[in-house]
Amino acid sequence: MALETHLLGFSAVAIGFIAFAYAWSKYVEKNEQADKQTEETMSVTETDESRGES
Amino acid sequence: MATLENVGPVFISILVVYFLIVLGIGYYGYTKTKDEADFLVAGREIGPIVGGATLAATQMSAGTFVGTVGFHYFTGISYIWIWAPLWMGWIISLLFVAPHMRRFGEVTLPDFMATRYGDDRANGDYVRSISAVLIVIGYLVYITAEYIAGGLIFTAMFGVDNTTGIIILMVAVMVYTAIGGMRASMLTDFLQAVVMATGAIIAIPLTLNLIGGIGQINAIFNSFNPSFVGMALTPLQLLGFGTAFGLYIAVSPNQIQRIYSLRDEKTVRQAIGLTFVFQAIIAIGVGMIGVSMAVLYPQLATPDVASIILGLDVLGPVLGALVIAAVLSAILSSVDSIMITSSSALSHDFYAMIINPDASERRKVWAGRVGVFIMGIIPFFLAAVGELLGGLVQLIIVLQVSMHAGMFFIPIIAGLHWRRANTPAGIASMIIGFLGVAVWHVSVEILDVIPTPFSEVMPILVGITLSAIAMFTIPYFTGKPSRQSLERFFDVSSDEPENSTGVAEDD
C-alpha cells in the first residue's frame, strides 16, 4: 500500500464524518422546528376552543 | 541539532509575541472572572466556532503533537487510522451524550453523577466524592504525560536538564490557569487550534519539498521497510488504541465541562461538526510530519522529539517558531483545561458541596485556584516514575484515557438512556471499570503476571467489559431508581407514585 492511498482513504473518511455531523445537526434542527410549529398550532386551537366555550 | 540559542532573533521574536498574546488572553480571562460559573464554564457564552476549535484543541495535546508525531515517526503512516474509531466517540457524544449534558446544564461531570445516581442516602454526595476522586487520579496520570513531553521539549530547545524543563512548564501552566480560569482557557484553545492547523498545513509541502515528494518517501521505505508506508499496525491494534480514545472522548470529564460552557444544544452540535474539520487537518499534518521526519532524521534519540526538531532545524525561523509555538500551545491548552476540570472536582465537588456548602463565590474561586496548584505539583513527582505508567508519552495518555473511559462510559450512557440504571449499579460500574483498567495495567506492565496471549488484551477492554457487567446485572437485584434521580433526564409524569423512602416500588 502506498502513502497516498492512506491519505486519500483517510480524507474520504474525514469528509464522511463531517457530512454526518452536518446532516445530523440539520435533521435535529428541522425536527425541533416541526415540534415547535405543532405546539404553536395546538395552543392556537386550544385558545380558539376555549373562546368558543365561553 | 539546533537549540534555541542559535535559531536567530526572528524565531525568538515570534515565540515571544505569541506567548505575550496568550498571557494577554489570560489577563482578559482574569478581568472577566466574577464568580464560580465564570471560572469553571466561562459563563456559558461560548459560540460554535470557538467551541469547535476548543473541543479539538482540548483533545489534541502533547499526546498529539509530541506523542502521535513520535508514534508516526516510529511506526509509519498507518497509525493515522486510529482517528476513525476516535471520531466514532465524537459521533456517540453527538447522538447520545453532549446535547443531553448541555440540556442538563450543570458545571461538572460529578454534578451529573450525583444527580442521576443520587440515591446514596447523602443526596448524591458519596457518588460525587467518588467520581471526583477518580477523575483526579486519571488526570494526574495525564498531566504527568504532558510534563514528560514538556521536559523533552525544553531539553531540546534550551539544552536544560529534564527536571528544570518540567519545572519551567509546571510554573507557567499553574500561574496561567489559576489566573485565567475557563474563559481564558477556551479563548487560548481557539488561538492554539488555529495555529496548530496552520502549522500542520504549511509544514506538509515544505517537508515534502525537502524530501522530494510523496513518491520519494514510498521509494525509500518500499526498499527496506514497506510496512512503514503500508500497515505497520494490525487492524486489531488500531481498533484497541482507537477504542480507548473513542470511548474516552464520548464521556471525557474535560470535554463535558467544555460542553457545559457552550451557549446551547444547537451550538454543541455545530461545534462537534466543526471540530472534525480542525482534527482532520491536524491528523494529516501530524501523520505526514512523523513520516517525513523519519526520512530526514532516521536516528533521533527518542521519537517524541521529532516535532521539535522539525521546528528548530527544518522549517526556518517563521514557520519553525510557529510549529514550536503550536507544540507548546498544545501542552499549555490541554494542561490548563485538565487543571480546571480537576480543580473543579476538588473545589466544586469537594470543597463547595461537602466541606463548606456556605462558601462565598469569592472563596469558591480561590478554592479552584488552590486546586490548580495541587494538580500542578503532584504530577511533577509522578514524572520521575513515568516508566511505570507506560514510558512513551502516547502510551501514558492511552492509560489515562482508558481509566476515564473505563469508569465513566457505561454509567453515563446508561444513566442518560436507561431508566433502570440505579445508584448501586452506577457506583459499582464506575469503580469496577476504573479498577479493571488499573489492575490489568499493573498486572501486565509492572508485575508481568498475565501470560500471552491474554497480556495483549488492552486494559480498556477489561475495564469496559467489567463495568458493563456491573451496570446491566446489579439493577435486577436492587431497587428501581427514585423519581428524583430520573426526573431531569426522563419523562416521569406517568410513573407510579413512590413509597415512603422516595424509591419507586420494584416490579
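The values are calculated or read from the model by the stated rules, or taken from the named source; none is laboratory data. If you're wondering where the values come from, they're calculated on a predicted model, not measured in any experiment. Here the Cβ positions follow ideal geometry from the backbone for every residue, glycine too, while neighbour counts run over all protein chains shown. Side chains included, ligands, DNA and RNA excluded: accessible areas come from the protein's heavy atoms. Shrake-Rupley method; radii C 1.70, N 1.55, O 1.52, S 1.80 Å.
Worth pointing out:
- Each of B:Leu210, B:Gly76, B:Asn222 was placed along the dipole of chain B (beta-carbon charges, centred on the mean Cα), and the one lying farthest toward the positive end is B:Leu210.
- Entry comment: accessible area of segment B:54-103 is 19 Å² per residue, from protein heavy atoms only and a probe of 1.4 Å.
- Pairwise Lys count, the protein assembly as shown - Cα closer than 18 Å, eight or more residues apart or different chains: 6
- The slack in the chain from B:Asp358 to B:Ile168, taken as 0.36 nm per residue of separation less the alpha-carbon distance, amounts to 64.7 nm.
- Here, chain B yields an orientationally averaged convex hull projection of 23.5 nm² when only Cα atoms define the hull.
- Percent accessible area from carbon and sulfur atoms, segment B:244-302, protein chains only, probe 1.4 Å: 59 percent
- Ligands, DNA and RNA left out, the 1.4 Å accessible surface of segment B:358-419 is 68% carbon and sulfur atoms.
- Total accessible area lost when A and B pair, probe 1.4 Å, Å² to nearest 100: 2200 Å²
- Residue-by-residue Karplus 3J(HN,Hα) for segment B:371-381, coefficients 6.51, -1.76, 1.60, Hz, glycine and proline x: x, 4, 5, 4, 5, x, 8, 4, x, 4, 7
- The length gained on full extension between B:Phe477 and B:Asn225, counted as 0.36 nm times the residue separation minus their Cα-Cα distance, comes to 85.1 nm.
- Take segment B:274-330 with all the other protein chains still there, run a 1.4 Å probe, and you get 23 Å² of accessible area per residue.
- FRET efficiency, B:Phe381 to B:Ser13 (Cβ-Cβ, R0 45 Å, nearest 0.05): 0.80
- Helix B:459-473 axis, angle to chain B major axis (alpha carbon atoms, nearest 10°): 10 degrees
- Rg/Rh for the protein assembly as shown (Cα atoms only, Rh after Kirkwood) is 0.99.
- Contact with the other protein chains removes 50 Å² or more of accessible area, compared with the isolated chain and a 1.4 Å probe, from these residues of segment B:267-286: B:Arg269, B:Ile284.
- Inter-part distance where segment B:258-280 and segment B:66-118 are each reduced to a Cα centre, Å: 12 Å
- Helical content of the protein assembly as shown, expressed as a calculated mean residue ellipticity at 222 nm, amounts to -24500 deg cm²/dmol (DSSP H runs of 4 or more residues, -39,500 (n - 2.57) each, divided by residue number, nearest 500).
- You can think of it this way: the chain between B:Val442 and B:Tyr28 has 144.7 nm of extra reach, that is 0.36 nm per residue less the Cα-Cα gap.
- Of the chymotrypsin sites (Phe, Trp or Tyr not before Pro) in segment B:455-488, the ones in a loop by DSSP (not H, G, I, E or B) with at most 10 other beta carbons within 10 Å are B:Phe477.
- Value of relative contact order over chain B, rounded to a whole percent, pairs C-alpha under 8 Å and six or more apart: 28 percent
- For segment A:1-22, a drop of 40 Å² or more in accessible area on going from the chain alone to the assembled protein chains (1.4 Å probe) is found at A:Met1, A:Leu3, A:His6, A:Leu7, A:Phe10, A:Phe17, A:Ile18, A:Phe20, A:Ala21.
- Amide N of segment B:247-271 lying under 11 Å from the label point, which is placed 7 angstrom from the Cα of A:Val28 along Cα→Cβ: B:264-271
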